[in-house]
1. Based on what the data block shows, is residue A:77 of a type in the set (Val, Ile, Thr), within 14 Å of chain B (Cβ to nearest Cβ) and in contact with a Phe, Trp or Tyr (Cβ under 9 Å, 6 or more places away or on another chain)?
2. Starting from residues that are assigned to a loop (DSSP other than H, G, I, E, B) and within 14 Å of chain A (Cβ to nearest Cβ), keep the ones in the stretch B:70-102 and report whichever is nearest to residue B:9 (Cα to Cα).
3. Identify, by number, the condition in (1) farther than 26 Å from residue B:89 by Cα; (2) β-branched (Val, Ile, Thr); (3) more than 10 Å from chain B (Cβ to nearest Cβ) that residue A:51 doesn't meet.
4. Output yes when any residue across the stretch B:67-76 is farther than 30 Å from residue A:5 by Cα, in contact (Cβ under 8 Å) with a residue 40 or more places away in the chain and touching a Leu at 6+ places or on another chain (Cβ under 8 Å), and no when none is.
5. Quick one: which strands (runs of 3 or more DSSP E) sit completely within the stretch A:28-112 and have at least 1 residues that are in contact with an Asp or Glu (Cβ under 9 Å, 6 or more places away or on another chain)?
6. Does residue A:28 fit the bill of being farther than 30 Å from residue B:108 by Cα, hydroxyl-bearing (Ser, Thr, Tyr) and modelled with pLDDT of 95 or more?
7. Restricting to the stretch B:20-51, and then to whatever is farther than 28 Å from residue B:98 by Cβ and at pLDDT below 95, can you tell me which residue is nearest to the other protein chains (Cβ to nearest Cβ)?
8. If I ask for residues that are touching a Gly at 6+ places or on another chain (Cβ under 9 Å) and among the hydroxyl-bearing types (Ser, Thr, Tyr), which ones from the stretch A:19-35 would you list?
Amino acid sequence: AQSVTQLGSHVSVSEGALVLLRCNYSSSVPPYLFWYVQYPNQGLQLLLKYTSAATLVKGINGFEAEFKKSETSFHLTKPSAHMSDAAEYFCAVSELRGNNRLAFGKGNQVVVIP
Amino acid sequence: DGGITQSPKYLFRKEGQNVTLSCEQNLNHDAMYWYRQDPGQGLRLIYYSQIVNDFQKGDIAEGYSVSREKKESFPLTVTSAQKNPTAFYLCASNSGLFGETQYFGPGTRLLVL
């Protein structure tokens, strides 16, 4: 089964600094990959999605992610952190069981330091 | 506006009680999903349904039950057999096609009295 690894449950970043959240996946075939953001006590909102059209994917709120097949990675970045980026971020991969299930990583809680 | 609604926002369960969480979507999606979220554990799939009158167990179905009698509705019942029900429950939906984005509702927080 497909799986996703996100290291570092809590990530602190200074306002204006680079945000980098790492995601590694396991899949025997090219996957669909997703990054979602969750604000406190809310549902998940899609940030961006990789569907094999382009390896560099741009999303909302200035985030982007690069698919690297050789590294089985899909890391999320934002050049300059804003206070409003404080949230939890989840990486997910579509499972290949013909049922469109998603396998989620454990998430990264991002804290932005003023 | 199209979207997914979940109710109630907060739900309290007494010992031995069954409670039902509501999930409704007006996106005309075929597939619907229920996830449980616990701190530091990500989202875990409880049940999913790809079509009306059909549903499958996810990874943590024990102590839960669902029904899918209408396309737009997918209620989740937390039964008394679920010994640790305190969690944030999220409902999602999509077209059911492989790779399609899942769209999430705002969630229901279940607490045990």
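The values are calculated or read from the model by the stated rules, or taken from the named source; none is laboratory data. Keep in mind that what you see is a predicted model, and the values were worked out from it rather than measured. No Cβ is skipped: glycine too gets one built from the backbone with ideal geometry, and neighbour counts run over all protein chains shown.
1. no
2. First pass over the stretch B:70-102, keeping only residues assigned to a loop (DSSP other than H, G, I, E, B): B:71-72, B:74-75, B:79-86, B:95-102.
So of that shortlist, the ones also within 14 Å of chain A (Cβ to nearest Cβ) come out as B:95-102.
Values: B:95: 25, B:96: 26, B:97: 29, B:98: 30, B:99: 29, B:100: 27, B:101: 24, B:102: 20 Å.
Once the filter is applied, the top-ranked residue is B:102.
3. The number of the failed condition is (3).
4. Scanning the stretch B:67-76, I find at least one residue that is farther than 30 Å from residue A:5 by Cα, in contact (Cβ under 8 Å) with a residue 40 or more places away in the chain and touching a Leu at 6+ places or on another chain (Cβ under 8 Å), so the answer is yes.
5. On the way: elements: A:33-38, A:44-50, A:56-58, A:64-68, A:73-78, A:87-94, A:102-104.
Output list reads A:33-38, A:44-50, A:56-58, A:73-78, A:87-94, A:102-104.
6. It is false that residue A:28 is farther than 30 Å from residue B:108 by Cα, hydroxyl-bearing (Ser, Thr, Tyr) and modelled with pLDDT of 95 or more.
7. Checked the stretch B:20-51; the qualifying residue nearest to the other protein chains (Cβ to nearest Cβ) is B:40.
8. Result: A:25, A:32.
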